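Participant: Quick one: structure below, then a few questions.
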Amino acid sequence: MKVLLLDTSDIPYSLSISKALSRVRDLELTVITRYSSHVENAYRFYYRWSDRCEQPLVRKTVRGLEYFIGCVRTAIHVCFRHYDIIHIQWGSLFFVDRLFWNYLKSRTDKLVFTAHDVIPHDQNPKVIAHNQLLFSIPDTIIVHGDFCKAEIHSVYPQFESKIYVQKHGMTVLPQTPPVTEDTVNRHLSLLDAHLENRIVIGALGQIDDYKGVDLLIEAVNQLNRQDVYLIIAGKTIERYKKKFDDIKSKLNNPQIYIYNRFFSDEEEAYFYDLADIAATTYKSASMSGVLFTAAGHQKTLLSTTVGCIGDVIRPCSDLCYLCEPTVPSIKRQIERILDTQTKSGLRHMGTQFYNSVSKAYNWDQIADDLVHHCYEAGLRHKEK
């Protein structure tokens, strides 16, 4: 079976699924990406320049042009090669994607799309309407859990027969060198915070309203305790930037450290090493890649159970701390952690949480199921 995986993201999920599919027996995998791939048949067609642009409008414009050019290059590639399956991981520009996806469908036996966010986080009616048109094109739509399947049923009931539930696998962490002195010096205030005497909560990843970082900040502010420290790291998404800048401007708490920009793999490893527990206090979500990254770093969680996050953590709820997406609920659980836990106790919970999640969300098993229960299911070879 010949499979083309079209993946314009560079998140750990993307690297993990391509690696796992490349190990499936009797599957010939080609990947078109924006990142350097370990897969032998890999083409880097997307986003070479826009990541270097600092000004948002320039970056958005360049990115749009790069996406269009990448789609043209992909269309030319597919014109001269036949694939049994073309699997799209992400869409970007609605009007381009409608034409592009229809063309790809005409060139393959089965078009598959992974809907990472079934419903837009801001519930934008225009995007929901656009998704309805896009979702009509693929033969199969992949979601990451039963909650997302129910979401599609409620908003797009006509597509229920297309749905395949694929687990979100355990994050495969990149091999990072030991933390350098430069990285430590870049975050000197963390050295002066006496973290060895405090329970450290880490909230890492892109910052958006639905992530509930504002709730976490307010909960820590209201605690007024010296034995807790909060590390927040990540770049703010453009639509939330003004609101989060306002939150930061009013913040006056030396026990909250905010690194409001993109962080490197080395910095991520450093932040997780300092943290005793990771926070995913989301207000809404389809699934959370941060959850699996935290588990990969062997950290237990302070987490809500919104979306498909609950599918992952409810079976091992004794190994993490569950809360509602409200300040009082988050505050109560932090108080519980501070009153009943030690750093070594949380470290032990993190190891157990990692063992539980990595066993249930193994990428090799997920890839094998994807090939045999999704790619091969109902495959109809067209007349050539």
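All of the numbers you see were taken from the coordinates with simple rules; none came from a lab. Since the model is a prediction, treat every value here as computed from it, not as a measurement. Because the Cβ atoms are built from the backbone with ideal geometry, glycine has one as well, and the counts that use them run over all protein chains shown.
Participant: Can you tell me the order of 287-293, 8-14, 190-196 when each peptide is scored by its average per-residue count of other Cβ atoms within 10 angstrom, highest first?
Facilitator: Sorting 287-293, 8-14, 190-196 by mean packing, highest first, produces 287-293, 8-14, 190-196.
Participant: Divide, for the range 60-212, the radius of gyration over alpha carbons by 2.2 N^0.38 Å, where N is the residue count.
Facilitator: 1.39
Participant: Subtracting the Cα-Cα distance from 0.36 nm times the residue separation, let me have the gained length for Asp245 to Lys359 in nm, one decimal.
Facilitator: So the chain would gain 37.1 nm between Asp245 and Lys359.
Participant: Of Ala42, Val62, Leu338, whose Cα points farthest to the positive end of the dipole of the chain (charges on the beta-carbon: +1 Lys, Arg; -1 Asp, Glu; origin at the Cα centre)?
Facilitator: Positive-end residue among those listed: Val62.
Participant: Quote to one decimal, in nm, the extra length available between Val72 and Leu93 on full extension: 0.36 nm per residue of separation minus the C-alpha distance between them.
Facilitator: 6.2 nm
Participant: Within the range 290-317, whose backbone N sits under 19 Å from a point 7 Å along Cα→Cβ of Thr183?
Facilitator: 290-300, by backbone N distance to the label point.
Participant: Right, another one. Could you derive backbone 3J(HN,Hα) for the range 337-346 from the dihedral phi with the Karplus parameters 6.51, -1.76 and 1.60 (θ = phi - 60°), listing whole Hz in sequence and x where the residue is Gly or Pro?
Facilitator: 4, 5, 7, 10, 10, 10, 4, 5, x, 5
Participant: Divide, for the range 181-360, the radius of gyration over alpha carbons by 2.2 N^0.38 Å, where N is the residue count.
Facilitator: So the Cα radius of gyration is 0.95 times the expected 2.2 N^0.38 Å.
Participant: Further, regarding this structure: Under a crude label model (7 Å from the Cα following the beta-carbon direction), how far is Leu133 from His348 in nanometres?
Facilitator: 5.8
Participant: How large is the dipole of the range 181-360 about the Cα centre if only Lys and Arg carry +1 and Asp and Glu carry -1, each at its Cβ, rounded to the nearest 20 debye? Display every interim value, and only then the final one.
Facilitator: Working: 21 positive and 23 negative charges, 96 e Å.
So the dipole magnitude of the range 181-360 works out to roughly 460 debye.
Participant: Amide H of Gly145 versus every other amide H placed in the peptide plane: which residues, excluding those fewer than 5 positions away on the same chain, fall under 5 Å?
Facilitator: Long-range HN contacts for Gly145: Gln166.
Participant: Give me the angle, in degrees from 0 to 90, between the Cα long axis of helix 265-274 and the longest principal axis of the Cα atoms of the chain, rounded to the nearest 10.
Facilitator: On a 0 to 90 degree scale, this one is about 40.
Participant: Could you give each residue of the range 125-135 its phi-based ³J(HN,Hα) in whole Hz, using Karplus coefficients 6.51, -1.76, 1.60 with θ = phi - 60°, and x for Gly or Pro?
Facilitator: For the range 125-135, the Karplus-derived couplings read x, 5, 5, 4, 5, 5, 4, 4, 5, 5, 5 Hz, x marking Gly and Pro.
Participant: What ranking do 137-146, 340-349 get when scored by the average of other Cβ atoms within 10 Å per residue, highest first?
Facilitator: 137-146, 340-349
Participant: Sticking with this one: If I build a Gaussian network model for the chain, linking alpha-carbon pairs within less than 10 angstrom, which residue out of Ser189, Ser358, Ser22 has the largest mean-square fluctuation?
Facilitator: Answer for the Gaussian network model of the chain: Ser189.
Participant: Given H placed on each backbone N at 1.01 Å, which residues far from Phe45 in sequence or on other chains put an amide H within less than 5 Å of it?
Facilitator: Those qualifying (amide H under 5 Å, at least 5 residues apart or on another chain) are Thr33.
Participant: Still on this model: List the relative contact order of the chain as a percent without decimals, with contacts defined as Cα pairs under 8 Å and 6+ residues apart. Write out the running numbers ahead of the final one.
Facilitator: Values: 656 pairs, mean separation 60.2, N = 384.
Taking the mean separation of contacting Cα pairs over the length of the chain, I get 16 percent.
Participant: Further question: Mean-square fluctuation check for the chain, GNM, Cα pairs under 10 Å: which of Phe244, Phe271, Phe113 is largest?
Facilitator: Phe244
Participant: Would any residue of the range 303-322 have its amide N under 18 Å from a label point 7 Å out along Cα→Cβ of Ser154? List them or say none.
Facilitator: 304-312
Participant: Asp192 to Lys235: FRET efficiency via 1/(1 + (r/R0)^6), r the Cβ-Cβ distance, R0 25 Å, to the nearest 0.05? Don't jump to the answer; show the numbers that get you there.
Facilitator: Values: r = 25 Å, r/R0 = 0.98.
Efficiency, rounded to the nearest 0.05: 0.55.
Participant: Still on this structure, I have one more. When the Karplus curve 6.51 cos²θ - 1.76 cosθ + 1.60 is applied with θ = phi - 60°, which whole-Hz ³J(HN,Hα) does each residue of the range 6-19 get, with x for Gly and Pro?
Facilitator: Taking θ as phi minus 60°, the curve returns 9, 9, 9, 9, 10, 6, x, 4, 4, 5, 5, 5, 5, 5 Hz for the range 6-19.
Participant: May I pose another question? Under a point spin-label approximation (7 Å from Cα along Cα-to-Cβ), what is the Asn252-His82 distance to one decimal in nm?
Facilitator: Simple spin-label model gives 7.2 nm for this pair.
Participant: Tell me the label-point distance for the pair Gln222, Asp339, using the 7 Å Cα-to-Cβ offset, in nm and rounded to one decimal.
Facilitator: 1.5
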